[in-house]
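Asks: Please read through the structure below; I'll follow up with questions.
The values are calculated or read from the model by the stated rules, or taken from the named source; none is laboratory data. Remember, it's a predicted structure, so these values are computed and weren't measured experimentally. No Cβ is skipped: glycine too gets one built from the backbone with ideal geometry, and neighbour counts run over all protein chains shown. In case anyone asks, the SASA skips ligands and DNA or RNA and just uses the protein heavy atoms, side chains included. Shrake-Rupley method; radii C 1.70, N 1.55, O 1.52, S 1.80 Å.
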Amino acid sequence: MSELSSSVSIPNSLQEIEQAIKRYRNSDVSGAELLRLWEAIRDASLNQTFSPDEQTDQVAGDHSY
């Protein structure tokens, strides 16, 4: 895992990840701090687990074939 500065926290919920993405897109930071923000979002996204019921990217009618 990446080392993060104490000013960047890793989001835990999907809502926190979405808020972090908005902050990332609207931020004026650059360089290492911007990379730390991106890494926190990436790590949080990779740490998310989904049950089969929570998957939202299924194609409608997928089971009809």
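Asks: As an exercise: evaluate SER51 against (1) modelled with pLDDT under 60; (2) out of contact with any helix residue (DSSP H, G or I) (no Cβ under 8 Å at 6 or more places or on another chain); (3) surrounded by 14 or more Cβ atoms within 10 Å (Cβ to Cβ) and give the number of the one condition it does not meet.
Replies: Single failed check for SER51: (3).
Asks: Being more than 21 Å from THR49 (Cβ to Cβ) and modelled with pLDDT under 90 is the filter; apply it to the stretch 5-24 and report the residue that is least open to solvent (accessible area, probe 1.4 Å).
Replies: Checked the stretch 5-24; the qualifying residue least open to solvent (accessible area, probe 1.4 Å) is VAL8.
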